[in-house]
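Let me begin by presenting the structure, written as structure tokens, before commenting on it.
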Amino acid sequence: MVGKFIGIGVGPGDPELITIKAAKALRAAEYICVPKSQVHKPSMALGMIKQILEERQNPAEIVELLFPMTKDEMNNRKLWSENAAIVSSKAKKGDVAFITLGDPMLYSTFLYLYEYIKETFPGVEMEIIPGVTSLTAAAARAKLPLAEREEVVTIIPSDLDPAIIEETARSADNLVFMKCAYRIKELIPILKKAGFTKDAKIALVKRCTLPKEKVLVGKLSDAENWKVKKDYFSVAIVKRSQVPIHWKKNGEQA
Ligand SMILES: C[S@@+](CC[C@H](N)C(=O)[O-])C[C@H]1O[C@@H](n2cnc3c(N)ncnc32)[C@H](O)[C@@H]1O
């Protein structure tokens, strides 16, 4: 193989949050793979690297790869295998960059392809360039720390069953909800059942660092009155606002 397959995290939205290493790889790669959930839907990640691509002297070939967000395993596997074959054939001619929102190692489309290529095209060399995650960007925009001292942070994909969310939240200090499938109001009763009080701090960050960004910060009791539409590009951070759970278990704090 002449080239490598490079998974590149382009951050949460603001092009200024693209790392220097990512920009360097994007200026050099012969091919840039753009994951799309629908053929005609514009790619947010591609929009974020627009300026870097415009500044290139030799334009890269843009390779659109379809990754529909469905639970049809058979169809998904077929597409991943086709996409892996495309990447492998391009890597014979040069570096293939795959752009992904946030970080490539956190709930990203890149991971499907990464696993598939590892299994079926072991000759393809791979590199991963980390990016600023949506959850760290959301914490920064909301000015709400993700973890302090000995607090434990638990990340929950919020399309999970409510009973699983409740069980997970019960033993957690701070929670981060991603893939916000629920309205924030639907999460509040689950959190209350899991022992979060009305004084627990909560932040909801929609479209973090993007033009239509919305940041709401308050207490769980305030969030009950927030009027916000459900948006896939949302992260919610919830802090128990009490001593960490394991201190209580160890009997160090009552
Ligand atoms: C498939 S995951 C991708 C996560 C990404 N790899 C990362 O490191 O942040 C998609 C979820 O990430 C979160 N997300 C990604 N970009 C976001 C943004 N700009 N603002 C708010 N949430 C975002 C949302 O929770 C969304 O449902």
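The values are calculated or read from the model by the stated rules, or taken from the named source; none is laboratory data. Note that the coordinates shown come from a computational prediction; the quantities given were computed from them, not determined experimentally. Virtual Cβ from ideal backbone geometry, glycine too; neighbours counted across all protein chains shown.
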Among strands (runs of 3 or more DSSP E) entirely inside region 161-231, those with 1 or more residues being surrounded by fewer than 17 Cβ atoms within 10 Å (Cβ to Cβ) and either within 16 Å of the ligand (Cβ to nearest atom) or touching a residue at least 60 places away in the same chain (Cβ under 8 Å) (or both) are 214-219
Got at least one residue in region 33-41 being within 16 Å of the ligand (Cβ to nearest atom), modelled with pLDDT of 95 or more and either under 19 Å from the mean Cα position of the chain (by Cα) or among the aliphatic types (A, V, I, L, M) (or both)? yes
Going through region 36-77 in order, the residues found to be closer than 16 Å to Thr109 by Cα, surrounded by fewer than 16 Cβ atoms within 10 Å (Cβ to Cβ) and among the β-branched types (Val, Ile, Thr) are Val39, Thr70
For Glu119, work out the one condition from (1) more than 10 Å from the ligand (Cβ to nearest atom); (2) touching a residue at least 12 places away in the same chain (Cβ under 8 Å); (3) not in a loop (DSSP other than H, G, I, E, B); (4) not hydrophobic (A, V, I, L, M, F, W, C) it doesn't fulfil. (2)
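Is it the case that Leu17 is within 16 Å of the ligand (Cβ to nearest atom), surrounded by 18 or more Cβ atoms within 10 Å (Cβ to Cβ) and more than 30 Å from Ala140 (Cβ to Cβ)?
No; evaluated as a whole, the condition is false for this residue.
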What number goes with the only condition from (1) at positive phi; (2) within 12 Å of the ligand (Cβ to nearest atom) that Lys143 does not pass? (2)
Are any residues in region 20-35 crowded, with 16+ Cβ neighbours inside 10 Å and among the hydrophobic types (A, V, I, L, M, F, W, C), and if so, which ones? Ala22, Ala23, Ala25, Leu26, Ala29, Ile32, Cys33, Val34
Can you find a residue in region 42-55 that is closer than 18 Å to Thr133 by Cα, in contact with a Ser or Thr (Cβ under 8 Å, 6 or more places away or on another chain) and within 16 Å of the ligand (Cβ to nearest atom)? yes
